[in-house]
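Undergrad: Sharing a structure here in structure tokens format.
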Amino acid sequence: MIVKKITDSLKIHRKDELADLFAEIGAKSSISCVGVTCLDLLNSSHLKNKYGITESRYLLIYIFHDLEKEQIRYIGCPLLFGQTMQSYSQIWSSLFYQEKEVYKNFGITFYVDERIQHEILEKDNSHFLEKDFVKGDVLRDSSIENDLYDYLNVNLHEYGVESSDVSFEFLTNGKNIQKMKVSQDSPFIGLEKRFEKINISDYPKYISHFNIYTPFSYQLLWFEVQSYLKGTTYTQYLEAKKMLFLEISRLYEHIQSLKESFLLIDEKSANELCESIQNDFYMLFCQIDSGRPYPIITNDFESRLPEGWLRKCIELLQKYGPLLEKLKSSIVSLDRIVKKTMISNKTIHPLKAGLSGLGLRSFGVSYDIRKNQPFYLYDQLELKVPLGISGSSYDRLLIRLEEVLEVSSNIVRLVEGFPVFSADSAHFSVPHFEEEEILFATTENAHGDISFIMHSLPSQHMMSRFHVINPSLRFLYSFENFYSHTNVDLIAMDWVTLGLNISEVVK
């Protein structure tokens, strides 16, 4: 996990400087655009003075990750009230929905290829995340129904996938897709707005809502941020405990995706095995915290693990390990799975499309944050990084099975050498800062990178901005615009094996 203050490393560029700069960055095949966020500087004279942008109302922040150099680059662009911006989604399609998110929440218009563009547009009302927002309707995407084409709506619940309340809406001409849109039935609850209103000590209660089916990696990343804010360092016992929880959460997330994948290909016994594994490890986490519908595993973190907890963990792995090995052997022989995919290296550029983590590795890109930028005790483990060839659903299934077995091995090695508990488990130093700062935090879960961009007000124990960038939102536009044929089986299989989830999109 990476948590750092980026206030001083943020490079400010004028709007008219970005076209050439981004063209240069976009020409490099090893660089992905993590995303863009917006800060409303209405009440932030400190940042305005620091960057010499006293007349500006907003600050757009673009984040780029160079996998080859293992560097993260931060570029800021100040904008006046009502000032428009050029869209760069034609270079990185991963930006498309993030730019739309900025427009919805701050009213900043992004131009793509319009012949007539305005530098300044009148704004009739405030937007949802602006500091002077009072009340009003939140902008929502409308349906894509159109009289010229047939309309089709398919919900994944019809396929038995309970963890993703998502529908695929199609405009079709026969079996050919004219347009596809991913929609959802869940209410918009404005999580990021809520986070601006509450004390950071209350964040653990809500952080899991960003993805309620794979919440634990979000909890652990926020715990790292909180430790950074407090200037806390931990003994080896707690470092090992954090690492153990992260590995179990990765196993849990992989199993969730595998369970749904096996459901879609009618592998009933494999689906039931995965459901049994997931339930057992969920109950294991419930021994840490009994909260429902999901335990907060970082509660009371400095305490000793429950008696017998590590032993129970090993017993579960010993119980399921041979069954998973057998399952992997049987899946390799299922040639029909190879045909259940459309996304592949022949049809998509994975970095520009917004893939990360396992999605990238399925295309043969060898990058795993635990190995490339080790944290906790990962530098003491010899990690294997299984890679795919074509980026297909079949690749992703095999990689997930390999990673489940690898994670199981990591957990066993970690438990065997687990440090002795010490009552003096946490050390507090002077906090890293007392002024308002911009922070960036990122980690990788079983589906890709999750990142927090924060505008922190530590003296008030509040965040002026808390923005989450997740794998689902980054890849959504590429996913919607990829398919040309209404084979919903293939579309559903790609959605599930990629680990996409609509709750990450809605937030």
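The values are calculated or read from the model by the stated rules, or taken from the named source; none is laboratory data. Keep in mind the model is a prediction, meaning the values are calculated, not measured. Cβ placement follows ideal geometry from the backbone for every residue including glycine, while neighbour counts extend to all protein chains displayed. These area figures cover heavy atoms from the full protein model, side chains too; ligands, DNA and RNA do not enter into them. Shrake-Rupley method; radii C 1.70, N 1.55, O 1.52, S 1.80 Å.
Undergrad: Filter the trypsin sites (Lys or Arg not before Pro) in the stretch 1-108 to those in DSSP coil with at most 14 other Cβ atoms within 10 Å of their Cβ, and list the result.
TA: Arg14, Lys28, Lys69
Undergrad: Where the only charges are on Cβ atoms (+1 Lys, Arg; -1 Asp, Glu), what is the dipole of the chain about its Cα centre, to the nearest 20 debye?
TA: Using Cβ point charges on Lys, Arg, Asp and Glu, the chain gives about 440 debye.
Undergrad: Here is a follow-up. What whole-number value in Å² describes the accessible area per residue of the stretch 191-504 for a 1.4 Å probe?
TA: Per-residue value: 37 Å².
Undergrad: Out of the stretch 374-406, which GluC sites (Glu not before Pro) are coil in DSSP terms and have no more than 11 other C-beta atoms within 10 Å?
TA: The qualifying sites are Glu382.
Undergrad: While we're looking at this one, here's another question. Can you show me the helix-derived [θ] at 222 nm for the chain, built from DSSP H runs with n ≥ 4 at -39,500 (n - 2.57) apiece and divided by the number of residues, rounded to the nearest 500.
TA: For the chain, the value works out to -11500 deg cm²/dmol.
Undergrad: Return the distance in nm (one decimal) between the two label points of a simple spin-label model at Ile198 and Lys319, each offset 7 Å from Cα along Cα→Cβ.
TA: The two pseudo-label positions are separated by 3.4 nm.
Undergrad: Taking the Cα centre of the stretch 191-504 as the origin and placing charges on Cβ (Lys, Arg +1; Asp, Glu -1), which of Ala446, Asn199, Ala353 is farthest toward the positive end of the dipole?
TA: Ala353
Undergrad: Using Cα pairs closer than 8 Å and at least 6 residues apart in sequence, work out the relative contact order for the chain, in percent.
TA: Relative contact order comes out at 21 percent.
Undergrad: Using only the Cα atoms of the stretch 205-246, each taken as one equal point scatterer with no solvent, compute I(q) by the Debye sum, divide by I(0), and report log10 of the ratio at q = 0.27 Å⁻¹.
TA: -0.97
Undergrad: If you don't mind, another one. Considering all alpha-carbon pairs of the stretch 267-330, what whole percent are spaced by more than 17 angstrom?
TA: Looking at the stretch 267-330, the distances longer than 17 Å represent 50 percent of pairs.
Undergrad: I'd like to compare 385-395, 116-126, 309-319: which one has the highest average count of other Cβ atoms within 10 Å, and what's the full order after that?
TA: 385-395, 309-319, 116-126
Undergrad: Would you please report the Å³ per residue occupied by the convex hull of the alpha carbon atoms in the stretch 1-57?
TA: Considering the Cα atoms of the stretch 1-57, their hull volume per residue is 117 Å³.
Undergrad: Where Rh is the Kirkwood radius over the Cα pairs of the chain, the temperature 20 °C and the viscosity 1.002 mPa s, what D in µm²/s does Stokes-Einstein return?
TA: Result for D is 90 µm²/s.
Undergrad: Can you check what the net charge comes to around Leu246, using other residues whose Cβ is under 12 Å from the Cβ of Leu246 (Lys, Arg +1; Asp, Glu -1)?
TA: -1
Undergrad: So how much slack lies between Asp66 and Asn279, counting 0.36 nm per residue of separation and subtracting their Cα-Cα distance, in nm?
TA: Length gained, Asp66 through Asn279: 72.9 nm.
Undergrad: Continuing with this model, one more query. May I ask you to work out the translational diffusion coefficient for the stretch 7-134 at 37 °C, viscosity 0.692 mPa s, via Stokes-Einstein with Rh from the Kirkwood sum over Cα pairs, reported in whole µm²/s?
TA: Translational D for this selection: 214 µm²/s.
Undergrad: In debye to the nearest 20, how big a dipole does the stretch 7-134 give about its Cα centre with +1 on each Lys and Arg Cβ and -1 on each Asp and Glu Cβ?
TA: It works out to roughly 220 debye.
Undergrad: Using the alpha-carbon centroid of each, what span in Å lies between the stretch 270-332 and the stretch 4-48?
TA: The distance from the Cα centre of the stretch 270-332 to that of the stretch 4-48 comes to 41 Å.
Undergrad: Any chance you could run the full-extension gain for Gln287 through Gln380? It's 0.36 nm times the residue separation minus the Cα-Cα distance, nm to one decimal.
TA: Fully extending the segment from Gln287 to Gln380 adds 30.7 nm.
Undergrad: In terms of the ratio Rg/(2.2 N^0.38 Å) built on C-alpha atoms, what value belongs to the stretch 213-320?
TA: Normalised Cα radius of gyration, the stretch 213-320: 1.17.
Undergrad: Pairs Lys69/Lys241; Lys131/Lys193; Lys205/Lys259; Lys11/Lys50; Lys11/Lys123; Lys15/Lys352: which are spaced more than 20 Å apart, C-alpha to C-alpha?
TA: Too far apart for the 20 Å limit: Lys69/Lys241; Lys205/Lys259; Lys11/Lys123; Lys15/Lys352.
Undergrad: Once you place label points 7 Å from the Cα toward the Cβ at His46 and Ala23, how far apart are they in nm?
TA: Once both label points are built, they end up 3.9 nm from each other.
Undergrad: In addition: When the accessible area of the chain is computed with all protein chains present and a 1.4 Å probe, what percentage of it is carbon and sulfur?
TA: Roughly 48 percent of what the probe reaches on the chain is carbon or sulfur.
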